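Here the structure comes first, spelled out in structure tokens, and everything after it is commentary.
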Amino acid sequence: MSTDGAPLSNPMVFRNLGLGLGLRAPHFSIATAGKANVSWFEVVTENFLGIAGGTGGPPLEKLRKVRENYQIVLHGVSLNIGSTDALNLEYLKNLKALDRQIEPAWVSDHFCWTGVNNHNLHDLLPLPYNRGTIDHLCERIQFCQDYLGRRMVFENVSSYLTYSHSEMTEWQFISEIAHRAGCGLLVDVNNIFVSSHNHKFDPLDFLRGLPRESVAQIHLAGHSIEGEILIDTHDQPVAPEVWGLYAHAVKLFGPLSTMVEWDANIPSYQELEAEIFKARHYWPEIKKSERAPTGYIGDINA
């Protein structure tokens, strides 16, 4: 039940929003003018939290303007769901206020910890994959979902280290949390590829091990090569190998809401749209007699 006494929405129902982009400052004018050709945008939650519970301001007004023409997804980086710190109730209060004002398609964050002793490290740090951590996250995720009165969506992070006391694979870990906590999954295909290279596992095993009914969204992004490891840098086009892995994801989960993250060396908006529209080549053709999902942009074989 939600804190308002209303039942939570079905955790297994997430609309297909079609193809979208991470909305960054250089491209807000295009989005507010309604000139973008994508059907939705993902925004970083923390960029709007400080003003959500107050009188608003120019950033929030711009986001409201974008929301008039496009679906919005709120994507957080500071919920700190995996930390041993108590959940930040002020953060949740502001998140709930922003949620009510913008009415996003869903609210997401990450399977990670971002700080301890109230100190934010500004990084998405991996967790040990064991039963104790599962119990810890399920309790906290369920609390957040009850507080917000909606199901949340959580993303797998890229990682560069492992824990000696992990008892299972990452995909087994997040699959059990999705089942027990009833949350959705944001599958970051680039993060899977980066981690599979760094930790020497088959990325297809990761995809095949996820519960199809829990997957709500897919992320694509670029990465960099640093010596023998890959780094999730979000500063260049999606690599061919990641597009190949995305093709497998579409076969497994169907053509779900998909977007490209690009956070540094940001190109023109037209280049960004060209990058996300590459995803259409991997979507199966939808028969004209069938109803296309919300946000579907044309038949890829037309």
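Tabulated values for the structure
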quantity	calculated
Subset of the range 223-232 [part of a loop (DSSP other than H, G, I, E, B) and surrounded by 18 or more Cβ atoms within 10 Å (Cβ to Cβ)]	223, 232
Among residues of the range 235-255, those that are surrounded by 20 or more Cβ atoms within 10 Å (Cβ to Cβ) and either outside any helix (DSSP H, G or I) or among the polar types (S, T, N, Q) (or both), counted	2
Residue under evaluation residue 34, criteria (1) more than 20 Å from the chain's Cα centre (by Cα); (2) farther than 20 Å from residue 152 by Cα; (3) surrounded by 15 or more Cβ atoms within 10 Å (Cβ to Cβ), criterion not met	(3)
Boolean, residue 71 is in contact (Cβ under 8 Å) with a residue 24 or more places away in the chain, surrounded by 18 or more Cβ atoms within 10 Å (Cβ to Cβ) and on the phi < 0 side of the Ramachandran plot	yes
Sole exception among (1) over 20 Å from residue 186 (Cβ atoms); (2) out of contact with any strand residue (DSSP E or B) (no Cβ under 7 Å at 6 or more places or on another chain) for residue 85, by number	(2)
Check on residue 20, assigned to a loop (DSSP other than H, G, I, E, B) and either over 20 Å from the mean Cα position of the chain (by Cα) or modelled with pLDDT of 95 or more (or both)	no
Residue that is farthest from residue 126 (Cα to Cα), among those in the range 159-210 that are of a type in the set (Ser, Thr, Tyr) and part of a helix (DSSP H, G or I)	175
Candidates 43, 66 - the one that is of a type in the set (Val, Ile, Thr), within 28 Å of residue 267 (Cβ to Cβ), assigned to a strand (DSSP E or B) and modelled with pLDDT of 95 or more	43
Strands (runs of 3 or more DSSP E) enclosed by the range 105-152 - at least 3 residues per element that are within 16 Å of the chain's Cα centre (by Cα) and touching a residue at least 24 places away in the same chain (Cβ under 8 Å)	107-110
Residue check for residue 231: closer than 26 Å to residue 35 by Cα, touching a Ser or Thr at 6+ places or on another chain (Cβ under 7 Å) and at pLDDT 95 or above	no
So residue 97, is it out of contact with any Asp or Glu (no Cβ under 9 Å at 6 or more places or on another chain) and closer than 24 Å to residue 260 by Cα	no
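The values are calculated or read from the model by the stated rules, or taken from the named source; none is laboratory data. In this text, all values refer to a predicted model and were calculated from it rather than measured experimentally. Every residue, glycine as well, gets a Cβ built from its backbone with ideal geometry; the counts of neighbours run over all protein chains shown.
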